[in-house]
């Protein structure tokens, strides 16, 4: 949540955060801001850790060599560059601390983090529940590799347990091992009742995981709500500069961390120290970037609601959104990604709009300094909760450009739809 808002168009603190008083949220925000400048710091005098590249770690004695191999993987001595370096460990410790986790395992991308998190918990014959609004490649992983392994995926309504819908427990089987969440979904932005799902799973000893890339640890900390594993595409907001591919899995317990780390090791995953250093660099400015991106996104979302070409805006921080009550209850702040449904338009008109944008560009990913605008097709990516909107869905990723310029760019683009 922003510490302050600079005009009347931004959401006031009470809109986003009834869980705590405004004073408590301001205190939390201030603490996180300061921690972001301190986490993962070098103890050698320089304010940033050095980039330690290397594969081989040498030892001075046979005793030291043998002891290192038997030591703790997370905090013990370094043994081989693929497993850990001072640079990668610094970022892992920083992400874990932000999440309130026991530890973090770094991966080379957000998708790698999704895959390792799931593979660490399942085996042939297991059943997993995957939210129907998940990140598209997560579905591909379930329908490809996991299916070939003999793991069955069942998709479920992202709003399970809400508005009279049956709870997640009605879908449990004897062989259900994992429930995977994403709240909000990064295409259609449904909010999930994460605490309720986590509580139901805990009663049956079913592991829970969530993709928390949209919110970052500054907006939502799932482990505080009972979730076991948290997946981050650090490529997005943490990296922040559209120049690094990174992911992470944080875990509630050391036992879970061991399983995730060993799975990553078995598959040969290893993060470049250079990329970890870029992740640390991005982490330092995360709060101030999110302030600007959240503020601009809410302004743009509210402005888009006034346009006749727009059928609906998908943004959980807006009071009109179906997921707003859960957002208010669980989240401290929003970020810069949301959706907008246009009234039906033909492809030629849509192309005229998108191809003429002066600032917004078309490109996958989000969370960087540049604003992006792409069409999405959720109907082809869902199996149990059909997408019923008949309009064109656009996903808006708000960068760091002037909100006035972004508004004008969108205005010009919408005007082109009817020319």
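The values are calculated or read from the model by the stated rules, or taken from the named source; none is laboratory data. None of the values given here were measured: they were computed from a predicted structure. For neighbour counting, all protein chains shown are included, and Cβ atoms are generated from backbone atoms with ideal geometry for every residue, glycine included.
General remarks:
- Hey, residue 181 assigned by TED's automatic domain parsing to the domain that holds residue 266, under 22 Å from residue 377 (Cα atoms) and in contact (Cβ under 8 Å) with a residue 40 or more places away in the chain or not: yes
- The criterion of at least 3 residues that are under 23 Å from residue 230 (Cβ atoms), touching a residue at least 60 places away in the same chain (Cβ under 8 Å) and assigned by TED's automatic domain parsing to the domain that holds residue 205 is met by the following strands (runs of 3 or more DSSP E) wholly inside the stretch 246-346: 247-251.
- Filter result for residue 96 (assigned by TED's automatic domain parsing to the domain that holds residue 168 and either closer than 30 Å to residue 142 by Cβ or in contact (Cβ under 8 Å) with a residue 24 or more places away in the chain (or both)): yes
- Filter result (at positive phi and assigned to a helix (DSSP H, G or I)) within the stretch 214-236: 216
- Unmet requirement for residue 404, which otherwise passes all of (1) more than 21 Å from residue 345 (Cβ to Cβ); (2) assigned to a loop (DSSP other than H, G, I, E, B); (3) without any contact (Cβ under 8 Å) to a residue 24 or more places away in the chain: (2)
- Residue check for residue 410: buried (at least 21 other Cβ atoms within 10 Å of the Cβ) and touching a strand residue (DSSP E or B) at 6+ places or on another chain (Cβ under 6 Å): no
- From 90, 68, residue being touching a helix residue (DSSP H, G or I) at 6+ places or on another chain (Cβ under 8 Å) and either in a helix (DSSP H, G or I) or modelled with pLDDT of 90 or more (or both): 90
- Qualifying residue in the stretch 131-148 (condition: more than 25 Å from residue 378 (Cβ to Cβ), modelled with pLDDT of 95 or more and not assigned by TED's automatic domain parsing to the domain that holds residue 380): yes
- Residue check, residue 41 loosely packed, with under 14 Cβ neighbours inside 10 Å, part of a loop (DSSP other than H, G, I, E, B), touching a residue at least 12 places away in the same chain (Cβ under 8 Å) and in contact with a helix residue (DSSP H, G or I) (Cβ under 8 Å, 6 or more places away or on another chain): no
Rundown of residues vs (1) at pLDDT below 95; (2) within 17 Å of residue 224 (Cα to Cα); (3) touching a helix residue (DSSP H, G or I) at 6+ places or on another chain (Cβ under 6 Å), yes/no style:
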{"site": "169", "(1), (2), (3)": "no, no, yes"}
{"site": "173", "(1), (2), (3)": "no, no, no"}
{"site": "182", "(1), (2), (3)": "no, yes, no"}
{"site": "192", "(1), (2), (3)": "no, yes, no"}
{"site": "195", "(1), (2), (3)": "no, yes, yes"}
{"site": "202", "(1), (2), (3)": "no, yes, no"}
{"site": "210", "(1), (2), (3)": "no, yes, yes"}
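- Looking across the stretch 347-372, just one residue is assigned to a strand (DSSP E or B) and crowded, with 17+ Cβ neighbours inside 10 Å, and that is 372.
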